[in-house]
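See below for the structure under consideration.
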Amino acid sequence: MEESLIWTEGATKIYNPRLPDEMVALDKASITIRQGQVTVLKGPSGSGKTSLLSIIGCMSRPTAGRVVVKGKDVAKLPERFLTGIRRNTFGFIFQQFNLIREVSVQENVALPFYPMKTGFTEIRERVDRMLDQFGILAKKNLKVKKLSGGEQQRVAIARALINDPEIIIADEPTAHLDQALAEDLVKILDGFRREGRTIVIATHDPFIFESNFVDRTISMRNGQIERVSER
Ligand SMILES: Nc1ncnc2c1ncn2[C@@H]1O[C@H](COP(=O)(O)OP(=O)(O)O)[C@@H](O)[C@H]1O
Ligand SMILES: [Mg+2]
């Protein structure tokens, strides 16, 4: 399992345990994510994709099972360690972009640095470079709500990359995009792959899971891993 950047063994996530509305969202899922590959988690809505992504992205802890990220068992680590791993290892692209509409583009992109430890000027320069790369530097002082959908998408991706993450996690990234923007997004993700980054995408969009840049597809159903296929 050495080449696995992330692996889980029997990862289980139960929401509201022992309550009437108990929900087993993830049921003994064992998967591996390989370094430098694009892995897609595919499955109908409610199949546990987001729950699995949150666990491997150290955003939440499993109820049971093991989750190993870069050789470290993170399943039982205290929150402050998880925060560190999240910041240093992962970039997240969410379905709704999770941008703060009332604040500026530049502040949204700098968000992963709060509370700021790195020098302020250095952060500003980094943010500028990133915005320039995505062709939205001229909009840096505008509030996000003033931007078009495509521009917001670029801000969200810029924010996901500002920490130069080794692993990019995207949850239904095309859910609110038209075809042209979805194609742009796949091109951008393909660029990350060429840089040797590892990408994990949860999606039920055939446009993504039928793309050539996908290396492995993990199919989920009812919180379980149904099948793994390799290209
Ligand atoms: N915070 C939560 N509390 C209770 N149930 C949840 C929570 N998050 C997700 N679920 C439930 O867990 C199941 C799996 O959800 P999720 O992981 O979001 O699946 P997917 O991303 O494939 O749609 C669903 O039935 C969902 O309603
Ligand atoms: Mg989901």
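The values are calculated or read from the model by the stated rules, or taken from the named source; none is laboratory data. Predicted, not measured: the structure shown is a model, and the values here were computed from it. Cβ atoms come from the backbone with ideal geometry, glycine included; neighbour counts cover every protein chain shown. Protein only, heavy atoms only, side chains kept; ligands, DNA and RNA dropped before computing areas. Shrake-Rupley method; radii C 1.70, N 1.55, O 1.52, S 1.80 Å.
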Checklist line | Matching entry among Ile169, Ile201 (being among the β-branched types (Val, Ile, Thr), within 16 Å of ligand 2 (Cβ to nearest atom), in contact with a Pro (Cβ under 8 Å, 6 or more places away or on another chain) and modelled with pLDDT of 95 or more) | finding: Ile201
Item checked: Single condition Arg227 does not satisfy, out of (1) away from ligand 2 (no atom under 16 Å from the Cβ); (2) modelled with pLDDT under 95 -> (2)
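For every residue, the table says whether it meets (1) open to solvent by less than 20 Å² (accessible area, probe 1.4 Å); (2) more than 18 Å from the chain's Cα centre (by Cα); (3) modelled with pLDDT of 90 or more; (4) among the small types (Gly, Ala, Ser).
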| site | (1), (2), (3), (4) |
| --- | --- |
| Gly71 | no, yes, yes, yes |
| Leu77 | no, yes, yes, no |
| Arg87 | no, no, no, no |
| Val109 | yes, no, yes, no |
| Tyr114 | no, yes, no, no |
| Lys117 | no, yes, no, no |
| Ile123 | yes, yes, no, no |
| Leu131 | yes, yes, yes, no |
| Lys145 | no, yes, yes, no |
Note to self: Just the residues that are more than 16 Å from ligand 1 (Cβ to nearest atom), of a type in the set (A, V, I, L, M) and not in a helix (DSSP H, G or I), please, taken from segment 50-87.
What the structure shows: Val68, Val69, Val74, Ala75, Leu77
Check: Failed condition for Ile56, given (1) over 19 Å from Asp215 (Cα atoms); (2) within 16 Å of ligand 2 (Cβ to nearest atom), with all others met?
Finding: (1)
Item checked: Members of segment 162-196 found to be over 23 Å from Glu107 (Cα atoms), of a type in the set (A, V, I, L, M) and within 16 Å of ligand 1 (Cβ to nearest atom), listed by number -> Ala175
Check: Listed residues Ala156, Ala170, Ala180; which is in a helix (DSSP H, G or I), open to solvent by less than 50 Å² (accessible area, probe 1.4 Å) and small (Gly, Ala, Ser)?
Finding: Ala156
Checklist line | Boolean, Glu102 is more than 30 Å from Leu26 (Cα to Cα) and in a helix (DSSP H, G or I) | finding: no
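Keeping to segment 188-231, report how many residues are assigned to a helix (DSSP H, G or I) and loosely packed, with under 12 Cβ neighbours inside 10 Å.
Quick first cut of segment 188-231, residues assigned to a helix (DSSP H, G or I) only: 188-194, 206-209.
From the residues that got through so far, the ones that are loosely packed, with under 12 Cβ neighbours inside 10 Å too are 191, 194, 206.
Number of matching residues: 3.
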Item checked: First in segment 130-146 and in contact (Cβ under 8 Å) with a residue 40 or more places away in the chain, second anywhere and aromatic (Phe, Trp, Tyr), Cβ under 9 Å, 6 or more apart -> Val144/Phe97
Next item on the list: Kindly list, by first and then second residue, each pair from a residue in segment 29-44 that is under 16 Å from Gly223 (Cα atoms) to a residue that is within 16 Å of ligand 2 (Cβ to nearest atom) and of a type in the set (Lys, Arg), limited to pairs with Cβ atoms under 6 Å and residues at least 6 apart or on different chains.
Entry: Leu41/Lys49; Gly43/Lys49; Gly43/Arg221
